[in-house]
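Working notes for the structure below.
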Amino acid sequence: MSSTPVIDVERLNLAYGDFHAVKDLSFQVRRGEFYALLGTNGAGKTSTLEAVEGHRLPTSGTVRVFGQNPRDRRAVRPRTGIMLQESGFSPDLTVRESVRLIGSLTRRTDKVERVLDIVGLTRKAGTKVSQLSGGEKRRLDFATAVYGAPELIFLDEPTTGLDIQARDDLWDAVDKLREDGSTIVLTTHYLEEAQQRADRIGLMHEGVFHKEGSVVELTRTLPATIRFSLPVPAPEPPLQAVRESDGTFLIETPDLQKDLHALLRWAQDHAVELRELAAGPTRLDDVFRSIGSDQTTF
Amino acid sequence: MPSIALGELIQIFRNRLVLVTMLVLPAASSAFYIYLNQQFTIVDLGGVAAILVFLVVAMGLYATTVTTLASRRQNLFLKRLRSTALGDAGILTGLLLPVTGITLAQVAVILTVLGVVAGGPANVLLLAVAVLSTVAMMLGLGLATAGLTNSPEHAQVTTLPIMIGTLALSGWVGFTGTEELTLFKRLLPGGSATELLVNAWNGGTPVMDSLVLLVPTLGWVVVAVALAARIFRWEPRR
């Protein structure tokens, strides 16, 4: 068993002129892991991803992929599938021609038909790329990334522009690749995707990790929430319930189980109906909002 | 690399604009020129051959090289190719192989027509060397120009100086020779290449004297490639 991480980033710095996009960033991604790189706009995640993919030369620091320099394409790319954020296909080539061309250049072997079937583009095989919709182009991009089932797959905002069905299909395909041991690195704007699927999350803000860890670790530091509304008239609710502008009540609690129990007992005792009751741990959205509010205090 | 070349070839034949710029324009002007020269002999045959070669490499090869690279960069196709296992040299070779091959075939056809109509070249081997060095120079200049070109539309402007410049120079040298302003004419890009083409077609000049003319042309290849290495961009400016 080799314990070498698939991706090893150490003190990565990326600067464009005066702008320091990424500062002393270090992280590792282990074999078979699903790692999500998240962040606000301009947080440096695309720059980081491009350095790890080998598209961008670090200003300083080291990036290793499979123990190699990611800019050594001949060594690294046959084992790596890359789904770019923007398409980059030749408009005059057909879907089939594009997959065959890019697929063959990865040095992996696969069948064009198999890959097109995975992304549901079989009927569009003879269509020129210029005639595809935005979502279809994303699927074509995904098809080239998973051609030959590589060990490591980069997905840069893969589901942007996809309808729900296509999104589910894409994640099904990713799940299958994971079963076969592929390592996944994801960036996305859809936090629930990262929350549901990622083993670990690197949450970037202004070029550094604001937080890094599993979803549980990330959300643990923030209180859980209970929301409900009350019929009028109703007795004053217990605990530290804050009345929101829309009339609902919000309780933030470090001990969800105990406080939820207390609330339910209060409702039972006073024969009050708790409407639209919702309770749960903090979501990633809230972690994001907490970054935003940190920022405004500066 | 062969798969990129095949992809490019498919695209060339699907895109009418490229096909017209690359094939029809140089071929039509060459035909017209040969016809004109048959009617009134303006220059000696070597001069005609040199001007024909430059019509094809400047209007066809050079302009298409710049336009192709700018367009592939603009729609991020270059970045996509760089996401594969292929190296930069392989990518550029694959992209430029078809247009280079078509250019060489075109030059061969046009010069053969000229030879059949008006009489063949004195030294075919030297002629081939002259054509190949000219093609290499225009490819290098095309790579460098592509570094300064943001989009295929922009290429219509950025290619003008070198396209017009080399065409004018080949005409100038073709018509007037290099008796006067020798060094000046030979050092400009395309000057010595034209003279070499003229010598190869007309004969009468010692081969060694002609081979010296390769030096400025190959010098321009080196300058152009060094320049391209500094200014060529693989992704659009953000």
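Since every read-out is calculated from the coordinates, none of them should be taken as a lab result. Just so it is clear, the structure is predicted and the values come from calculations on it, not from any experiment. Glycine also receives a Cβ, built like all others from the backbone with ideal geometry; neighbour counts cover every protein chain displayed.
Axis angle, to the nearest 10 degrees, between helix A:164-179 and the longest C-alpha principal axis of chain A: 70 degrees. The stretch B:118-152 and the stretch A:111-168 have Cα centres spaced 40 Å apart.
Taking A:GLY126, A:GLY247, A:GLY42 as the candidate residues, the one with maximal mean-square fluctuation in a Gaussian network model of chain A, Cα springs under 10 Å, is A:GLY247.
Look at the stretch B:14-25: the mean tally of other chain Cβ atoms within 10 Å of its residues' Cβ atoms is 1.
Rg/Rh for the stretch B:40-166 (Cα atoms only, Rh after Kirkwood) is 1.05. Between B:PRO152, B:PRO121, B:PRO161, the Gaussian network model of chain B with springs among Cα atoms under 10 angstrom shows the greatest mean-square fluctuation at B:PRO161. The angle between the Cα long axis of helix A:134-146 and the longest principal axis of the Cα atoms of chain A comes to about 70 degrees, rounded to the nearest 10. Annotation for the stretch A:181-259: GluC sites (Glu not before Pro) lying in DSSP loop with at most 11 further Cβ atoms inside 10 Å of their Cβ are A:GLU244. Converting phi to 3J(HN,Hα) with the Karplus coefficients 6.51, -1.76 and 1.60 and the offset θ = phi - 60°, the stretch B:167-182 yields 5, 5, 5, 5, x, 4, 5, x, 7, 10, x, 10, 4, 9, 6, 3 Hz in sequence order, with x at every glycine or proline. Helix B:25-39 and the long axis of chain B differ in direction by around 10°, with both axes built from C-alpha atoms.
Over 41 Å, how big is the tail of the calculated P(r) for the protein assembly as shown, in percent of all Cα pairs? Across the protein assembly as shown, Cα pairs with separations above 41 Å total 42 percent. For A:LEU186, the residues whose modelled amide H falls within less than 5 Å of its own, excluding neighbours fewer than 5 places apart on the same chain, are A:TYR35, A:ALA36, A:LEU37, A:LEU155. The H on the amide N of A:ARG56, modeled in the peptide plane, is under 5 Å from the matching H of A:ALA51, each at least 5 residues off or on a different chain. For chain A, adding -39500 (n - 2.57) for each run of n ≥ 4 DSSP H residues and dividing by the number of residues yields -10000 deg cm²/dmol at 222 nm.
Cross-link reach is defined here as a Cα-Cα straight distance under 21 Å, omitting same-chain residues fewer than 8 places apart; for B:LYS79 the lysines meeting it are A:LYS45, A:LYS128, A:LYS137. Take each residue of peptide B:7-13, count the partner chain Cβ atoms within 10 Å of its Cβ, and average: the result is 4. Using the Karplus relation 6.51 cos²θ - 1.76 cosθ + 1.60 with θ = phi - 60°, the per-residue 3J(HN,Hα) values for the stretch A:240-256 come to 8, 7, 9, 7, 7, 5, 8, x, 7, 9, 10, 10, 9, 9, x, 10, 4 Hz, with x marking Gly and Pro. How big is Rg to Rh over chain B, alpha-carbon atoms, Rh as the Kirkwood inverse-mean-distance radius? So for chain B, dividing Rg by the Kirkwood Rh gives 0.98. Scanning chain B for GluC sites (Glu not before Pro) lying in DSSP loops with no more than 14 further Cβ atoms inside 10 Å, the longest uninterrupted stretch between such sites is B:1-178. Rg then Dmax, both in Å and based on the Cα atoms of the stretch A:223-281: 10.5, 29. Backbone amide hydrogens, once placed in the peptide plane, bring A:VAL22 within less than 5 Å of A:LEU14, excluding anything fewer than 5 places away on its chain. Averaged over peptide A:82-94, the number of partner chain Cβ atoms lying within 10 Å of each residue's Cβ comes to 6. 3J(HN,Hα) along the stretch A:30-39: 8, 4, x, 7, 10, 10, 10, 9, 10, x Hz, from the Karplus curve 6.51 cos²θ - 1.76 cosθ + 1.60 with θ = phi - 60°, whole Hz, x for Gly and Pro.
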